[in-house]
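Q: Take a look at the following structure, please.
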Amino acid sequence: MKSLSQFLIFSMLFLSPVLFAHHTGSSDSPIATARFVDPFTGKREKPANYLVLTQDYYQSTRENSHLFTTTAFVEMNFFDGRFSLNGSVPWNYYQQRNREDAARIGKSYLGFKYQPFFDLDKPYFFVIEGSVGFPSGPDTDRFTGGDYYAGTGFLKLGYLYEKWSFVVKAGGIRPLTRPQPNNLQDNDGIPYYLRRPSEAPPEPNYLYKNTGIASGYISYYLRPEITLFSGILYRNPYNGVEYSNNKDKANPFYFTEASAGFSWNLSEKYNMSLTYRYPLQRDRDYRLYQSAWTFAFSMEWGSD
């Protein structure tokens, strides 16, 4: 598993690229070829035909491990770029201290994007985005990401001015199912809601909470093929959907993260990006991780 993770990172670094806001330089309309890509996720903001492979590296997580997350995301657009359907599947590799390394499949999502207004050749855009995340299943030795359905929704607004682009978005994640209490005898075939009160399993030590997320970033086109960017992200609750019942220092009210990086347009259809992400809550007792890096490879096809 460790060698597989190292191979994936090597592939991301030397064979992969992602589309961050840039001009391809091959069109008579720079506005029409401008890209807007979220530095926190590596995904394109507007509907498009593309595949992106993202490699995230989280240094020193709460469990004293290093987390490698490889995500495959594919999207296809319809109606001249006004609507798209997409899907993603993550794979997590945990490089752990004083324990054997482990690998898990994460929560999968199916979603859409829709541009309801504006001429697509204008220097601004408005996008509605939504998706459904599927339960990871009770087998935590193979899956992670939560055994519940989740719905996401975001409103996104972007603007391109000369060599600068600005994007803001707001939305969140809503759990669509309730947590089921853990039961030491969950293999006896009796659903927890049919048990007599005397046989009720213990309540879980967490709740599912609606999660609000807001982010924004600025990009600067240093050259037609090189873009620099910086952004900030806010999330409440701190841990996201799975909210701990323990009201202690390890579960603060909100989470914030800053990012900075660059993208390199290798060709008309292939791009690379590198992002450094830095959580602004720095207390060692509760920070989710020390820092993170995101490498991404993007390939698009067809016309915008």
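Q: When only DSSP loop residues count, what trypsin sites (Lys or Arg not before Pro) in the range 250-299 have their Cβ near at most 12 other Cβ atoms within 10 Å?
A: Answer by residue number: Arg282, Arg284.
Q: HN-Hα J couplings of the range 160-176 from phi, Karplus 6.51/-1.76/1.60, θ = phi - 60°, integer Hz, Gly and Pro as x?
A: Rounded to whole hertz, the list is 10, 10, 6, 8, 10, 10, 10, 9, 10, 8, 8, x, x, 10, 10, x, 9.
Q: Something else: How much length would be gained if the chain were fully extended between Tyr254 and Leu157, taking 0.36 nm per residue of separation minus their Cα-Cα distance, in nm to one decimal?
A: Gain on extension, Tyr254 to Leu157, equals 32.6 nm.
Q: Which of the GluC sites (Glu not before Pro) found in the range 48-137 are loop residues per DSSP with 14 or fewer other Cβ atoms within 10 Å of their Cβ?
A: Those that pass, being in a loop and sparsely packed, are Glu63, Glu100.
Q: Among the listed pairs Lys113/Lys163; Lys43/Lys113; Lys43/Lys169; Lys43/Lys156, which are separated by more than 22 Å between their Cα atoms?
A: Too far apart for the 22 Å limit: Lys113/Lys163.
Q: When only Cα pairs under 8 Å and 6 or more residues apart are kept, what is the percent relative contact order across the range 67-182?
A: 18
Q: Continuing with this model, one more query. Give me the net charge for the shell around Thr211: Cβ to Cβ below 13 angstrom, other residues only, Lys and Arg +1, Asp and Glu -1.
A: After counting each charged neighbour, the total is +2.
Q: How far is it, in nm, from the label point at Asp285 to the one at Glu100 when both lie 7 Å from their Cα along the line to the Cβ?
A: Here the answer is 3.5 nm between the modelled labels.
Q: Roughly speaking, what is the stretch gain from Val74 to Arg223, that is 0.36 nm per residue apart minus the C-alpha to C-alpha distance, in nm to one decimal?
A: Extending this stretch completely gives an extra 50.9 nm.
Coordinate-derived values only; no laboratory data. As the structure is a prediction and not an experimental result, all values here were calculated from the model. We place every Cβ from the backbone using ideal geometry, glycine too, and count neighbours over all the protein chains shown.
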